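What follows is a short report on a single structure.
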Amino acid sequence: MKNNVFFDKEAEFHIPTYKRLPVIFEKGKDVYLWDSDGKKYIDFIAGLGVVNLGHCHSKVIDAFCLQAQELIHVSNLFYTKPQIKLAERLVKMSLPGGKCFFCNSGAEANEGAIKLARRYGKTHFADERVEIITALRSFHGRTLKTLAATGQPDKQLPFQPLPSGFKHVKFNDISALRQSVDNNTAAVMLEVIQGEGGVYPAEQDYLKEVRRFCDEHQLLLILDEVQTGFGRTGKIFAFQHYGIEPDIISVAKGLGNGLPIGAFIAKKSIADIFNYGDHGSTFGGGPVVCAGALATLTALTDEKLPEKAAKTGAYFKQKLNELAAADTIITDVRGNGLMLGLEIAKQTAPEIVIAMLEQGFIINNIGKNILRFLPPLTIAEKHIDSMLSALTTFLKD
Ligand SMILES: Cc1ncc(COP(=O)(O)O)c(C=O)c1O
């Protein structure tokens, strides 16, 4: 897209924390987006792993509009039906028997999960355990507390001093975790696939061992499923690939298919540690977003999107592996379902993203040598084929 008056206005009026790509999107449907010149794109980012059902899903729009005409906001001083219905659905599909709390984003979901774990550690143990162990290369959000949880020193450095109470250990290394635990440790918090860190899945044995270790030492296991949740990896939640159950789960992104909603879900005995006034949110769990999220979860299961993501994701990964085996600069293919990453030997990922955008394909880079794919779960093999035939040009050795 050529220079546009809106690019200049954004530079003048918006705080520049995003290095935006040169395009203004105006319309979306399923896996397609259209810019303000009417050019059509195939979306392999899905709003950063958010619109899992595809853009502007009709059932979500209907639920959202219907609810907006009835009641938009009353605060959490009162009961509203969409919130309670969504709570029941979300808990039953994630941690049956547990309880959830609604907020507005992934960072807030993690803040809530961290607060709950800390309250649990203080209430449950005479020595008041408060510390949380997270992984290096992890990403848990941009608030000060979730930035402190995030295992990426370069993101933390400009904002020191950060809140205390976190230790970071090597991911997929059980002995590093074992060595870091002491009498002050309340919980371990992990992503099942590290997303922003570069698409690194937890190994089967590792996550199982982490669960065993947490049980042995009475530590809570918090899984951050903000990016991996709601079908993205081929199951509703990524932890379901591992035959384990966490104590607390944080979610956001795919829950509302684009509506701003997050939540944390905890086993009942842990959730019940919170008392009146311990946590809250003015907007969290409002009727409109909850109605939209309820419709999202219905469509997700009715359309069997997790199963679809597993199947299409396997096809996609196989094609990426075939490319890696040919004469290309690909050094690694990672991920599960429709959360895939491609590591390349050259520092050209940002340029590849721009070149692909010009050809009508929206892909994402993490740093200079990782390409990431998080398409809507409705993406078809034909879309993958056409995207890869364009991408191949930039991956030749
Ligand atoms: C694993 C994970 N946790 C937390 C967050 C933060 O979510 P939000 O941007 O909605 O605050 C993200 C965002 O990318 C994420 O990928």
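The values are calculated or read from the model by the stated rules, or taken from the named source; none is laboratory data. These numbers were taken from a predicted model, which means no experiment stands behind them. Here Cβ is always computed from backbone atoms with ideal geometry, including for glycine, and neighbour counts include all displayed protein chains. All accessible areas refer to the heavy atoms of the entire protein, side chains included, with ligands and DNA or RNA removed. Shrake-Rupley method; radii C 1.70, N 1.55, O 1.52, S 1.80 Å.
Gly49 versus (1) over 29 Å from Glu307 (Cβ atoms); (2) within 16 Å of the ligand (Cβ to nearest atom); (3) touching a residue at least 40 places away in the same chain (Cβ under 8 Å): which is the lone unmet condition?
Gly49 satisfies every listed condition except (1).
Among the residues of the stretch 331-348, write down those that are open to solvent by less than 10 Å² (accessible area, probe 1.4 Å), of a type in the set (A, V, I, L, M) and not in a loop (DSSP other than H, G, I, E, B).
If the condition is that a residue be open to solvent by less than 10 Å² (accessible area, probe 1.4 Å), of a type in the set (A, V, I, L, M) and not in a loop (DSSP other than H, G, I, E, B), then Met339, Leu340, Leu342, Ile344 are the ones that fit.
Condition first: open to solvent by 10 Å² or more (accessible area, probe 1.4 Å) and away from the ligand (no atom under 13 Å from the Cβ). Now tell me which residues in the stretch 120-143 satisfy that. Spell out the reasoning first.
Initially, the stretch 120-143 is screened for residues open to solvent by 10 Å² or more (accessible area, probe 1.4 Å), giving 120, 122-131, 136-137, 139, 142-143.
Residues satisfying the conditions are Tyr120, Lys122, Thr123, His124, Phe125, Ala126, Asp127, Glu128, Arg129, Val130, Glu131, Leu136.
Return yes or no: is Ser281 closer than 26 Å to Thr301 by Cα and either within 15 Å of the ligand (Cβ to nearest atom) or touching a Lys or Arg at 6+ places or on another chain (Cβ under 7 Å) (or both)? Can you show your working first?
Numbers: closer than 26 Å to Thr301 by Cα: no; either within 15 Å of the ligand (Cβ to nearest atom) or touching a Lys or Arg at 6+ places or on another chain (Cβ under 7 Å) (or both): yes.
No, not satisfied.
Among the residues of the stretch 316-330, is there at least one that is open to solvent by 60 Å² or more (accessible area, probe 1.4 Å), outside the structural domain of Gly98 (by TED's automatic domain parsing), away from the ligand (no atom under 16 Å from the Cβ) and part of a loop (DSSP other than H, G, I, E, B)?
Yes, the conditions are met somewhere in the stretch 316-330.
Of everything in the stretch 54-83 that's over 17 Å from Gly262 (Cα atoms) and aliphatic (A, V, I, L, M), which residue is most open to solvent (accessible area, probe 1.4 Å)?
Among them, the one singled out is Leu77.
If I ask for residues that are surrounded by fewer than 23 Cβ atoms within 10 Å (Cβ to Cβ) and touching a Pro at 6+ places or on another chain (Cβ under 8 Å), which ones from the stretch 230-241 would you list?
If the condition is that a residue be surrounded by fewer than 23 Cβ atoms within 10 Å (Cβ to Cβ) and touching a Pro at 6+ places or on another chain (Cβ under 8 Å), then Lys235, Ile236 are the ones that fit.
Every residue in the stretch 261-278 that is of a type outside the set (Ser, Thr, Tyr) and more than 16 Å from the ligand (Cβ to nearest atom), please.
Once the filter is applied, which keeps residues that are of a type outside the set (Ser, Thr, Tyr) and more than 16 Å from the ligand (Cβ to nearest atom), the stretch 261-278 yields Ala266, Lys267, Lys268, Ile270, Ala271, Asp272, Ile273, Phe274, Asn275, Gly277, Asp278.
Among the candidates Asn52, Asn4, single out the residue that is under 22 Å from the mean Cα position of the chain (by Cα) and among the polar types (S, T, N, Q). Give the steps one after another, and end with the answer.
Details: Asn4 fails: under 22 Å from the mean Cα position of the chain (by Cα).
The match here is Asn52.
Of all residues in the stretch 258-286, count the ones that are in a strand (DSSP E or B) and out of contact with any strand residue (DSSP E or B) (no Cβ under 9 Å at 6 or more places or on another chain).
Selection size over the stretch 258-286: 1.
From the list Gln227, Gln179, which residue is part of a loop (DSSP other than H, G, I, E, B) and either touching a strand residue (DSSP E or B) at 6+ places or on another chain (Cβ under 9 Å) or open to solvent by 10 Å² or more (accessible area, probe 1.4 Å) (or both)?
Only one candidate passes the filter, namely Gln227.
Regarding Phe239, is this residue of a type in the set (Phe, Trp, Tyr), in a loop (DSSP other than H, G, I, E, B) and within 14 Å of the chain's Cα centre (by Cα)?
When the stated conditions are applied, Phe239 does not pass them.
Could you grab the pairs with beta carbons closer than 6 Å, sequence gap of 6+ or different chains, first residue in the stretch 105-128 and within 20 Å of Val50 (Cα to Cα) and at pLDDT 95 or above, second one within 12 Å of the ligand (Cβ to nearest atom) and open to solvent by 70 Å² or more (accessible area, probe 1.4 Å)?
Final answer for the pair search is Ala107/Arg142.
Name every residue in the stretch 182-216 that is free of Cβ contacts under 8 Å to residues at least 40 places away in the same chain and surrounded by 14 or more Cβ atoms within 10 Å (Cβ to Cβ), in order of residue number.
Within the stretch 182-216, Glu203, Tyr206, Leu207, Lys208, Glu209, Val210, Arg211, Phe213, Cys214 qualify.
Give the number of residues within the stretch 122-144 that are touching a Leu at 6+ places or on another chain (Cβ under 8 Å) and in a helix (DSSP H, G or I).
Of the residues in that region, 1 qualify.
Name the one entry in Leu86, Leu90, Leu147 that is part of a helix (DSSP H, G or I), within 12 Å of the ligand (Cβ to nearest atom) and surrounded by 19 or more Cβ atoms within 10 Å (Cβ to Cβ).
Among Leu86, Leu90, Leu147, only Leu147 is part of a helix (DSSP H, G or I), within 12 Å of the ligand (Cβ to nearest atom) and surrounded by 19 or more Cβ atoms within 10 Å (Cβ to Cβ).
Count, please, the residues in the stretch 242-255 that happen to be within 16 Å of the ligand (Cβ to nearest atom) and surrounded by fewer than 24 Cβ atoms within 10 Å (Cβ to Cβ). Spell out how you get there, then give the answer.
Of the stretch 242-255, the ones within 16 Å of the ligand (Cβ to nearest atom) are 246, 248-255.
Narrowing the set further to residues that are surrounded by fewer than 24 Cβ atoms within 10 Å (Cβ to Cβ) leaves none.
Residues meeting the conditions: 0.
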